[in-house]
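Trainee: Structure provided below as structure tokens; questions to follow.
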Amino acid sequence: MADFEKLGVFYLGKKYDMQARQVLDDLVLYDSSDLTTHAVCIGMTGSGKTGLCLGLLEEAAIDGIPVIAIDPKGDLGNLLLTFPDLAAADFAPWVDSTEARRRGVSVDELAASEADHWREGLKTWQQDGGRIKRLRDAADLSIYTPGSSAGIAVSILHSLSRPDQALLEDGDLLREKIASAAGCILALLGIAFDPLKSRDHILLASIIGDAWKNGRDIALPDLIGLIQKPPLTRVCALDLESFYPAKERLELSLAINNLLAAPGFESWLTGVPLDIDSILYCSAGKPRISIFSISHLSDQERMFFVTLLLNEIISWMRAQSGTPSLRAILYMDEIFGYFPPVANPPAKQPLLTLLKQARAFGLGVVLASQNPVDIDYKGLSNAGTWFIGRLQTDRDKQRLLDGLESASQENSSHSAGHGQSFDRQGMSEILSSLDQRVFLMNNVHEDKPVLFETRWTLSYLRGPLARQEIKRLMEPAKKKAAEKPADIETNLCSDSGEPVGPSANTDKRSNLLVDPAIEQLFVPVSVAAFSGSAKNNYEATLLASATVRFSEPKYGVELVQERNYLVPVSRRGVLPIDFKNAKAIKVALADLPTKAPTEVDLLLSEPDQALLNASKYKDYGRDFLAYLSASCKLILWRSPSTGLVSRPGESERDFRIRLSQAASEKRDELVAGLRGKYQARIQALQEKIRLAEFKINEEEAQAKQAEVDSAIAIGATVLGAFMGRKPLGSTSVGRASTAARGVNRAAKQRQDVELARSNRVELEQKLGELETQFRNEAAAIGTRLDSQREAFEEVALLPKKTAIKVNLIGLAWVKG
């Protein structure tokens, strides 16, 4: 498997011979870049749809592609059941005890049987525990449970936050997001609506739109008051009271209030926020497979959450740069009810937006369903790949064929002349004969449909996971996921001195006399993160602020930063103010108030004398300047393999993610070149082998025992699987036909036969050498572009002394 794992192709299975009803040796490898035109998977219960889709997500993880997976049924949690050792003890907690009793065996015996079964199944498909380990090492897998604490809880507290400026300036997208947000709230309340006629929807959309356009976030509790007193007096030609009387608006407010007051709703307000960037990548930049399990939710709650999640994904997507390579995958395990042909539920519009626009940003959308009738195939016409398994009824088949035909026509413009014409009759015959785990892949990027049997999954497919089982799986990760970064970070200039902390002076009333020459500012606890003994106790420390300019043309750096620090008074050293103990604070100087808050019980501690001597502040300024010029650094990261350097303010995590995407784009470019390079040589060898076989056939026309084996049957090799399904042009040749003919020729003719055979053997050897070259070049691509494991070099930029300007040395009152 390692021959192609770093080439951006997904191992889905092997070709299937429908007439012989058997699996062939030809590997089916799917180009990950093809997924940017999206995919649809259709198959009845028992068709093997879950195994195929989980296999695809496993391949994405191995390739370093992050995934957001929406799981309405509970099956996707099986992705976490990966056991590299394939030991019975690993399977034991997850086997079905009821099945063990039915078989008359113990749980341990059933676990041992399942472990052996999985080991043999993997071996049949050229996989093993080593590939399972690669899967586990490649990605972080998590299960999120909105509205429940079983998995990682998800907070919707900021789900109606104002979108970014780019979306606010796009009128069409803004209208769609506002309408979708209003719709998901009504869906949660169980209120049916028509976006064009429902006054509930129109009112909520108006309130949300007004808040966003005026720069305000909005939360569900805010709506209770805003519905009763909306920020509008008219709705088009009607005054507000005529359109929606206050008495009736009160009922809508009460409905939201009752929802928020309902037992258990608080679980929606705690947990990790819907931050798509953090959901796709962990803090170290490692890609994530994030599963949102929603099987425990009601239909209204599911629609509400899915709509929120899709809108957040769209907002994240719009902030990304364009790319032709696959950046991330959104997978939805069942779209029935979310994408109907006639109705317009809240989740449908964001799904349509993603299907139309996500391609440009490298976001692949994969939608699955076991109900092919109640789906909007017109909306799915943007999907370039269709995986079709066994269907239940002829009605299902005919409805699906209609959708495929529409998709084929829609995507013909994207196939660059290599697309396939749609053969409805042939497709119908194939769909009527599909076996379990056998799928037809209709990909507009391929020259023809492919029939294949899905490979064995690396994950143990034990069926849907219950909440208690999800809790057991996710318990170790829940605390880690809930951690929040501190509000104060160590100054890059710091050598690590004594901790910044207020002095333990006795509290005094706020009538302290401070020299007017000393500027005083008040620092909130959210910025300083100090712990004091009194609620409104303010304690004194030194505040130092400077503007620093970093300039380095070599790395394209031209940056001006304001750096602000709190510096404690030291009682252990010779100097009362030692800038080696300075700590950076995340706040702009202009945002710090110069007047004390109007708190009745405000207390100010007695400052140290070092802070009350105004004449010393010039000395502090000189010391601060000297310290910054000697020690202040701008830390960048450099990738030795690419020579790229991180941007100022870009963390190692974000730099690694950006490099990973750049590596994927470069890899796809190299792979395309590799395919083009070997395509011409394959064509030439195929033609020569065809002529050699023709010569052998001609010379052995009379030989009854002679059979010509096809030397161009490269489909069973990795090279064949990688190259074979892409259009190779008009000179491509299939397997040469063979015939047994009698031969009774002169010695000269027999020599000609031997020469022809020798020529064919020589061509076969060249083909083998070609495959070896391909393997070596393919391996080099993967090794050269592995950004996840690359060790970065640290680049430290120091400012010149003339590039530092001290803005302020003052006294800071820090709330304890």
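Trainee: Which of the residues spanning the range 292-322 are under 30 Å from GLN661 (Cα atoms) and surrounded by fewer than 19 Cβ atoms within 10 Å (Cβ to Cβ)?
Mentor: Hits for the range 292-322 are SER315, ARG318, ALA319, GLN320, SER321, GLY322.
Trainee: Still on this structure, I have one more. Within the range 215-236, can one find any residue that is hydroxyl-bearing (Ser, Thr, Tyr) and modelled with pLDDT of 90 or more?
Mentor: Within the range 215-236, not a single residue is hydroxyl-bearing (Ser, Thr, Tyr) and modelled with pLDDT of 90 or more.
Trainee: Let me ask something additional. Looking at the range 265-272, is at least one residue outside any helix (DSSP H, G or I), open to solvent by less than 10 Å² (accessible area, probe 1.4 Å) and under 28 Å from ASN78 (Cα atoms)?
Mentor: No - not one qualifying residue is present in the range 265-272.
Trainee: Show the residue pairs that are 6+ apart or on different chains and have beta-carbon atoms under 8 Å apart, the first residue being within the range 448-460 and outside any loop (DSSP other than H, G, I, E, B), the second being open to solvent by 30 Å² or more (accessible area, probe 1.4 Å) and of a type in the set (A, V, I, L, M).
Mentor: So the pair list comes out as LEU451/MET18; LEU451/ILE430; GLU453/VAL23.
Trainee: Of the residues ARG653, ARG675, which is charged (D, E, K, R), touching a Phe, Trp or Tyr at 6+ places or on another chain (Cβ under 8 Å), surrounded by fewer than 18 Cβ atoms within 10 Å (Cβ to Cβ) and modelled with pLDDT of 85 or more?
Mentor: ARG653
Trainee: Condition check: within 22 Å of GLY77 (Cα to Cα) and free of Cβ contacts under 8 Å to residues at least 40 places away in the same chain. Does TYR338 satisfy that?
Mentor: It is true that TYR338 is within 22 Å of GLY77 (Cα to Cα) and free of Cβ contacts under 8 Å to residues at least 40 places away in the same chain.
Trainee: Would it be correct to say that LEU160 is touching a helix residue (DSSP H, G or I) at 6+ places or on another chain (Cβ under 7 Å), touching a residue at least 40 places away in the same chain (Cβ under 8 Å) and not in a loop (DSSP other than H, G, I, E, B)?
Mentor: no
Trainee: For residues that are closer than 23 Å to LEU798 by Cβ, among the hydrophobic types (A, V, I, L, M, F, W, C) and surrounded by 12 or more Cβ atoms within 10 Å (Cβ to Cβ), tally how many sit in the range 609-642.
Mentor: 9
Each row is one residue, and each column tells you yes or no for (1) surrounded by fewer than 18 Cβ atoms within 10 Å (Cβ to Cβ); (2) not in a helix (DSSP H, G or I).
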residue	(1), (2)
ALA89	yes, no
PRO93	yes, no
THR98	yes, no
VAL105	yes, yes
GLN126	yes, yes
LYS133	yes, no
SER142	no, yes
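Trainee: What is the one condition in (1) open to solvent by 60 Å² or more (accessible area, probe 1.4 Å); (2) at pLDDT below 85 that GLU790 does not satisfy?
Mentor: Failing condition for GLU790: (1).
Trainee: Search the range 194-216 for residues being open to solvent by 50 Å² or more (accessible area, probe 1.4 Å) and not in a loop (DSSP other than H, G, I, E, B), and hand back the single one that is nearest to VAL342 (Cα to Cα).
Mentor: For the range 194-216, the residue satisfying everything is ARG199.
Trainee: May I pose another question? Please determine, by comparing only the residues of the range 800-816 that are open to solvent by less than 60 Å² (accessible area, probe 1.4 Å) and either touching a Lys or Arg at 6+ places or on another chain (Cβ under 6 Å) or β-branched (Val, Ile, Thr) (or both), which one is modelled with the lowest pLDDT.
Mentor: VAL814
Trainee: Of (1) part of a helix (DSSP H, G or I); (2) in contact (Cβ under 8 Å) with a residue 40 or more places away in the chain; (3) surrounded by 14 or more Cβ atoms within 10 Å (Cβ to Cβ), ALA112 satisfies all except one. Which?
Mentor: (2)
Trainee: Please verify whether the range 276-283 includes one or more residues that are of a type in the set (Gly, Ala, Ser), at pLDDT below 90 and open to solvent by 10 Å² or more (accessible area, probe 1.4 Å).
Mentor: yes
Trainee: Among LEU644, LEU659, LEU625, LEU634, which is the only one that is at pLDDT 85 or above and in contact with a Pro (Cβ under 8 Å, 6 or more places away or on another chain)?
Mentor: Step by step, each of LEU644, LEU659, LEU625, LEU634 is checked, and only LEU634 is at pLDDT 85 or above and in contact with a Pro (Cβ under 8 Å, 6 or more places away or on another chain).
Trainee: Among the residues of the range 85-108, are any touching a residue at least 60 places away in the same chain (Cβ under 8 Å), among the charged types (D, E, K, R) and under 30 Å from THR393 (Cα atoms)?
Mentor: no
Trainee: Another question about this same structure. For residues that are without any contact (Cβ under 8 Å) to a residue 24 or more places away in the chain and assigned to a helix (DSSP H, G or I), scanning just the range 384-397, find the one that is least open to solvent (accessible area, probe 1.4 Å).
Mentor: ASP394
Trainee: Answer with yes or no whether GLU669 is surrounded by 15 or more Cβ atoms within 10 Å (Cβ to Cβ) and of a type in the set (Asp, Glu).
Mentor: Here the answer is no, as GLU669 does not meet what is asked.
Trainee: Could you list, in sequence order, the residues of the range 171-193 that are open to solvent by 30 Å² or more (accessible area, probe 1.4 Å) and touching a residue at least 60 places away in the same chain (Cβ under 8 Å)?
Mentor: GLU176, ALA179, LEU189, GLY190, ILE191
Trainee: If you don't mind, there's one more thing I want to ask. Could you tell me whether any residue of the range 235-243 is without any contact (Cβ under 8 Å) to a residue 24 or more places away in the chain, open to solvent by less than 50 Å² (accessible area, probe 1.4 Å) and out of contact with any Ser or Thr (no Cβ under 8 Å at 6 or more places or on another chain)?
Mentor: So far as the range 235-243 goes, no, none of its residues is without any contact (Cβ under 8 Å) to a residue 24 or more places away in the chain, open to solvent by less than 50 Å² (accessible area, probe 1.4 Å) and out of contact with any Ser or Thr (no Cβ under 8 Å at 6 or more places or on another chain).
Trainee: Collect the residues in the range 576-626 that are among the β-branched types (Val, Ile, Thr), within 44 Å of the chain's Cα centre (by Cα) and in a loop (DSSP other than H, G, I, E, B), keeping them in residue-number order.
Mentor: VAL587
Trainee: Evaluate the range 551-566: report whether one residue or more is at pLDDT below 90, open to solvent by less than 10 Å² (accessible area, probe 1.4 Å) and in contact with a strand residue (DSSP E or B) (Cβ under 8 Å, 6 or more places away or on another chain).
Mentor: Checked against the condition, which is being at pLDDT below 90, open to solvent by less than 10 Å² (accessible area, probe 1.4 Å) and in contact with a strand residue (DSSP E or B) (Cβ under 8 Å, 6 or more places away or on another chain), the range 551-566 yields no hits at all.
Residue by residue, here is whether (1) surrounded by 24 or more Cβ atoms within 10 Å (Cβ to Cβ); (2) more than 30 Å from GLY285 (Cα to Cα); (3) without any contact (Cβ under 8 Å) to a residue 40 or more places away in the chain holds:
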{"site": "ALA328", "(1), (2), (3)": "yes, no, no"}
{"site": "ALA343", "(1), (2), (3)": "no, yes, yes"}
{"site": "ALA347", "(1), (2), (3)": "yes, no, no"}
{"site": "THR353", "(1), (2), (3)": "no, no, no"}
{"site": "LYS356", "(1), (2), (3)": "no, no, yes"}
{"site": "ARG359", "(1), (2), (3)": "no, no, no"}
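Trainee: Still on this structure, please answer the following. Could you please find all residues in the range 61-82 being open to solvent by less than 10 Å² (accessible area, probe 1.4 Å), out of contact with any Phe, Trp or Tyr (no Cβ under 7 Å at 6 or more places or on another chain) and more than 22 Å from ARG467 (Cα to Cα)?
Mentor: Across the range 61-82, the qualifying residues are ALA61, ILE65.
Trainee: Any idea how many residues of the range 672-699 are touching a residue at least 24 places away in the same chain (Cβ under 8 Å) and within 18 Å of ARG757 (Cα to Cα)?
Mentor: Selection size over the range 672-699: 13.
Trainee: Kindly check whether there is at least one residue in the range 323-341 that is among the hydrophobic types (A, V, I, L, M, F, W, C), within 20 Å of SER180 (Cβ to Cβ) and modelled with pLDDT under 90.
Mentor: no
Trainee: Examine the range 590-608 for a residue that is within 25 Å of VAL557 (Cα to Cα) and either open to solvent by less than 20 Å² (accessible area, probe 1.4 Å) or β-branched (Val, Ile, Thr) (or both), and state whether such a residue exists.
Mentor: no
The values are calculated or read from the model by the stated rules, or taken from the named source; none is laboratory data. This structure is a prediction, so every number in the text was calculated from the model and none was measured. A quick note on method: Cβ atoms are made from the backbone with ideal geometry, for glycine too, and the neighbour counts reach across all protein chains shown. Note: accessible area is taken over every heavy atom of the protein model, side chains too, but ligands, DNA and RNA are not part of it. Shrake-Rupley method; radii C 1.70, N 1.55, O 1.52, S 1.80 Å.
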